[in-house]
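Inspection log for the structure reproduced underneath, given as structure tokens.
The values are calculated or read from the model by the stated rules, or taken from the named source; none is laboratory data. Since the model is a prediction, treat every value here as computed from it, not as a measurement. Cβ placement follows ideal geometry from the backbone for every residue including glycine, while neighbour counts extend to all protein chains displayed.
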Amino acid sequence: MERDSVFHNDRLGAPRNPLLDQLPSYQSLLYRRKPSASGSTKRRGSSRTRLGSSSSGKWGQTTLARQHEEKHRTQTLQRPVRELPKPMAEKRRDKDQRLEQAKDLSSWIQWRQGTRRTLRRLTEDGFEMLSNLELWRGDIHVIEGMFGTGILSYFSFLRFLVLLNFVMFLLMFGFVMLPIITAPHASGNTTFNHVDGNTGLYVTSRRGLVVFHQHITDLLSGAGFLEQTYLFYGYYKVETIHFPKFTYNLPLAYLLVTIAYLFLSLIWIVKRSATGFKRKLVQDEDRFQSFCNKIFAGWDFCIVNDSAARLKRSSLLYELKTDLEEERIKQKMADRTRKEKCRIYVIRLILNLFVIAVLAACFYSIYIATNLSQKAQMTKVTRCDTEGNCVCGYNHILYPCWESRVGQEMYKLMIFDFIIICAVTVFVEFPRKLIVDYCDCGLAKWWGQQEFAIPQNVLGIVYGQTICWIGTFYCPLLPAICTIKYFIIFYIKKVTLVNNCRPATRPFRASSSNFFFLAVLLIGLALACVPVTIGIAQISCSQACGPFVNYTTSWEVLPRTVSQLPAGARTFLLAISSEAFAVSLFVITCLAMFYVIALAGAHKRVINQLREQLVMDGRDKRFLIQKLCQAQRTCAIRSTGSGFRSHSSDRVSPSYRSNSGIFLVQPPPDSATHV
């Protein structure tokens, strides 16, 4: 191959090229390959041995190259014409060639290729239709164009929560509510009795004639007429539903759906976090690549609308501003002196200690106040009378259905959180906008327009989602309420962003923001799982309401159901839940994790080598361009020179000339082009 005659200098007299000897990539390779004299001698001897057998291996290299070209040509022929990186004239020529070649094929192959093309088009059309049906697609594009990807990430996060809550509602509705609604003989008013005695019926807290304003109070608090609806836990009093061909175990379905929506939330959040983390990692690794992608490949040439073009332009400008601002911050941090770093660390330490002290004082005050207020009430909860403790574990006369009470508290928190968001928008942000725009006093100008603070808004919706995760077990319709709430909040935040607020002074990157949002949401999910797990596994169930009337705790339905299964299934489930299986699974998971870590390290090393090669290629191109410019300048100078200079240049050996007959580079005194 030609490469051997260019880069190798064996004893057979292959010509050397001094210009290629001065390439930065070759000089770097020589520098890395001379750590010691003995090592270089052995390596030179081995390289000579390899070069001596290179003539015998040329056929294999040529065959591999030919196979690679054939594979590339086959892949090119299989790709659609419009996806090929070619000009339009060449695409038309390729299309005509394919049509001519298709005439020589058999009818079976033609039918198969036509079917493949049809399926590909149907798939593309289906994905395009789904993308058009995406929720708030146009609104989010407008927000991205006007305010950048940082604020866009907040609204994308809000859309994700809408979809998550809607899926949670579908699970609760499909497996808990729908069987009761469609059951021919199941009655929502069925009351179950405890085995040790009658614990009484669960009745609502209000009876008789109710005035109109009381309905509004009930709607805001969840009491009154809402207690005996599908909204709260106490309405689901059915244990089993007998269908014509099977029996539906509602308590088991209620428990499994609760586990399912928590597990689904975990998987969905982790998946989106991994995607955002990979994007963040790629962007943080190579900032120069990010600039090049935005400047040279960031424009969408399919845009034909003027408004869409303006939005895309402003979006790219905002992203470039974000990159430059981050670079400025990093440069400022790198230029800090040791004295400035010590001062910043001391200030941060003092502030963190102060915040920890304030939080500790607040928690201690809450603990003392709770003990003082609940000291007398706890006796009423845990004791039925003066003779002893209650048989069912709590005072069922005072608290006939404590799960519904918890659900009402979660319902009130959700409703009032929504009311506060609306009130702040109408009574705080909008008047502030009017004051800043129409008041000329210095205080109003100093106060300024409301800033759309992304972290505060994210914490607000994470707080609401944490309430939803906790309260869904006690208020099954809470995901539907949360879906409607976030749906309305999207438009409220959009209106207040466009009309009342200004973008944040500190730009936010979309990948970093998405990862941060999901990390905070994951913390909220972990905190929500703690009270739900305690309520399911440890606290005694109400004996007058709910699907777990005949069970001590909600978790008890699972082992009792397993004990009723056939012997094979019961043995399999017990083996899965045993400690031996857990330890084995843990060991296998650790081994898989170590393998993935080692594989990631190997891939990272390969990526670093490829990046170094790309950098060296760029240096080589720059070096050759400099030599070319130097040759052009020399050619211009010599073209105006005297005749004897031209005559002396003609006597130079042609081995070191360019096409115009001038020197590109002087040969080095000791050039060794073999590697």
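Considering 134, 124, 90, the condition of being surrounded by 10 or more Cβ atoms within 10 Å (Cβ to Cβ), closer than 27 Å to residue 517 by Cα and of a type in the set (Asp, Glu) is satisfied by 134 alone.
Here's the yes/no breakdown for (1) surrounded by fewer than 14 Cβ atoms within 10 Å (Cβ to Cβ); (2) free of Cβ contacts under 8 Å to residues at least 12 places away in the same chain:
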site	(1), (2)
438	yes, yes
448	yes, no
462	no, no
488	yes, no
497	no, no
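Residue pairs whose Cβ atoms lie under 6 Å apart, separated by 6 or more positions or on different chains, with the first residue in the range 415-435 and within 17 Å of residue 458 (Cα to Cα) and the second of a type in the set (Val, Ile, Thr), are 425/492; 425/496.
Got at least one residue in the range 204-221 being assigned to a loop (DSSP other than H, G, I, E, B), under 23 Å from residue 536 (Cα atoms), at pLDDT 60 or above and among the β-branched types (Val, Ile, Thr)? No, the range 204-221 contains no residue that is assigned to a loop (DSSP other than H, G, I, E, B), under 23 Å from residue 536 (Cα atoms), at pLDDT 60 or above and among the β-branched types (Val, Ile, Thr).
Each row is one residue, and each column tells you yes or no for (1) at pLDDT below 90; (2) touching a Phe, Trp or Tyr at 6+ places or on another chain (Cβ under 9 Å).
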{"position": "432", "(1), (2)": "yes, yes"}
{"position": "440", "(1), (2)": "yes, no"}
{"position": "455", "(1), (2)": "yes, yes"}
{"position": "469", "(1), (2)": "no, yes"}
{"position": "476", "(1), (2)": "no, yes"}
{"position": "481", "(1), (2)": "no, yes"}
{"position": "490", "(1), (2)": "no, yes"}
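For the range 326-343, the condition of being part of a helix (DSSP H, G or I) and in contact (Cβ under 8 Å) with a residue 12 or more places away in the chain holds for at least one residue. For the range 550-571, residues that are within 24 Å of residue 536 (Cα to Cα), assigned to a helix (DSSP H, G or I) and more than 35 Å from the chain's Cα centre (by Cα) total 8.
If you scan the range 575-619, which residues turn out to be assigned to a helix (DSSP H, G or I) and of a type in the set (Ser, Thr, Tyr)? Residues satisfying the conditions are 584, 589, 595. Just the residues that are of a type in the set (Gly, Ala, Ser) and in a loop (DSSP other than H, G, I, E, B), please, taken from the range 222-259. Those that are of a type in the set (Gly, Ala, Ser) and in a loop (DSSP other than H, G, I, E, B): 222, 223. If the requirement is being modelled with pLDDT of 90 or more and over 21 Å from residue 541 (Cβ atoms), which of these qualifies: 349, 372? 349 is the lone residue from the list that is modelled with pLDDT of 90 or more and over 21 Å from residue 541 (Cβ atoms).
Taking the range 499-524 as the range and being surrounded by fewer than 20 Cβ atoms within 10 Å (Cβ to Cβ) and modelled with pLDDT of 85 or more as the test, the residues that pass are 519, 520, 522, 523. Among the residues of the range 412-465, those identified as within 16 Å of residue 486 (Cβ to Cβ) and either outside the structural domain of residue 229 (by TED's automatic domain parsing) or aromatic (Phe, Trp, Tyr) (or both) are 416, 418, 463.
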